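Peer 1: I am attaching a structure below and will ask some questions about it afterwards.
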Amino acid sequence: MNVIETALKGCFIIEPRVFADERGYFFESFNSKTFNEKIGTEVTFVQDNQSYSSYGVIRGLHAQEGEHAQAKLVRVLSGEVLDVAVDARQGSPTFGQHVAVRLSAENKRQLFIPRGFLHGFSVLSDTAEFFYKCDNFYNKASERGIVYNDPELGIDWGIPTDEQVVSEKDLVLPHMSASYAQ
């Protein structure tokens, strides 16, 4: 596996080693020993989640806070998404900055998003199945979020504005400056 640290410390792109031949392909999507060695910290995943979405859907930007904060390892099982991680760690030199990575069934890339980050994605293909591992259990009372189109963040979701599909819940989330003081 090839591990590439992004411009945001602790956030990594994971590229698995794929073995392909005339029958198809095989790859190891997760190995805790190798993963922890490569990212340099111990992460124990306790929950797997999967979603299905259509073109133009934007989910995010979400996080859980406090003792229920979650690190995530995300990947796409079918289709393609633009995956976005925003550094919301107080005191971080990259606070408020984001990385955007194309994840697809074809490229088989994954993104590791550490605790203290906001996360979201947009669906670039007709449909997409999105899968992610979490290192902490979901807790509704600990939900936090920032509106996906916050001008302070300047995220280009790769979807024309008139084709974006966003939930009512995500449309009313606050701006970064109103929710996270640095």
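The values are calculated or read from the model by the stated rules, or taken from the named source; none is laboratory data. Just so it is clear, the structure is predicted and the values come from calculations on it, not from any experiment. Note that we place each Cβ from the backbone using ideal geometry, even for glycine, and neighbour counts take in every protein chain shown.
Peer 1: For region 148-168, how many residues are free of Cβ contacts under 8 Å to residues at least 24 places away in the same chain and among the charged types (D, E, K, R)?
Peer 2: Counting residues in region 148-168 that are free of Cβ contacts under 8 Å to residues at least 24 places away in the same chain and among the charged types (D, E, K, R) gives 2.
Peer 1: What's the number of the condition W157 fails, among (1) loosely packed, with under 14 Cβ neighbours inside 10 Å; (2) of a type outside the set (G, A, S); (3) at pLDDT 95 or above?
Peer 2: (1)
Peer 1: Moving on. In region 2-30, which residue that is in contact (Cβ under 8 Å) with a residue 24 or more places away in the chain and more than 19 Å from the chain's Cα centre (by Cα) is nearest to Q70 (Cα to Cα)?
Peer 2: Here the residue is E28.
Peer 1: Here's another thing I want to ask about it. Sort through L61, L77, L82 and tell me the only one that's at pLDDT 95 or above, touching a strand residue (DSSP E or B) at 6+ places or on another chain (Cβ under 6 Å) and either surrounded by 21 or more Cβ atoms within 10 Å (Cβ to Cβ) or closer than 16 Å to D135 by Cβ (or both).
Peer 2: L61
Peer 1: Quick check on region 116-136. Is at least one of its residues without any contact (Cβ under 8 Å) to a residue 40 or more places away in the chain, more than 20 Å from S29 (Cα to Cα) and over 14 Å from the mean Cα position of the chain (by Cα)?
Peer 2: For region 116-136, residues without any contact (Cβ under 8 Å) to a residue 40 or more places away in the chain, more than 20 Å from S29 (Cα to Cα) and over 14 Å from the mean Cα position of the chain (by Cα): absent.
Peer 1: Restricting the search to region 121-133, which residues are closer than 22 Å to V43 by Cα and surrounded by fewer than 18 Cβ atoms within 10 Å (Cβ to Cβ)?
Peer 2: Within region 121-133, F131 is the sole residue that qualifies.
Peer 1: Then there's this: Restricting to region 44-55, give me the number of residues that are part of a strand (DSSP E or B) and under 16 Å from the mean Cα position of the chain (by Cα).
Peer 2: The total comes to 7.
Peer 1: Given the criteria surrounded by fewer than 18 Cβ atoms within 10 Å (Cβ to Cβ), under 15 Å from the mean Cα position of the chain (by Cα) and of a type in the set (K, R), does R102 qualify?
Peer 2: The answer is yes for R102.
Peer 1: Would you kindly identify the strands (runs of 3 or more DSSP E) lying entirely within region 1-43 that contain at least 2 residues that are under 22 Å from H119 (Cα atoms)?
Peer 2: 2-5, 12-15
Peer 1: Quick check: anything in region 86-95 in a strand (DSSP E or B), in contact with a strand residue (DSSP E or B) (Cβ under 8 Å, 6 or more places away or on another chain) and at pLDDT 95 or above?
Peer 2: Yes - at least one qualifying residue is present in region 86-95.
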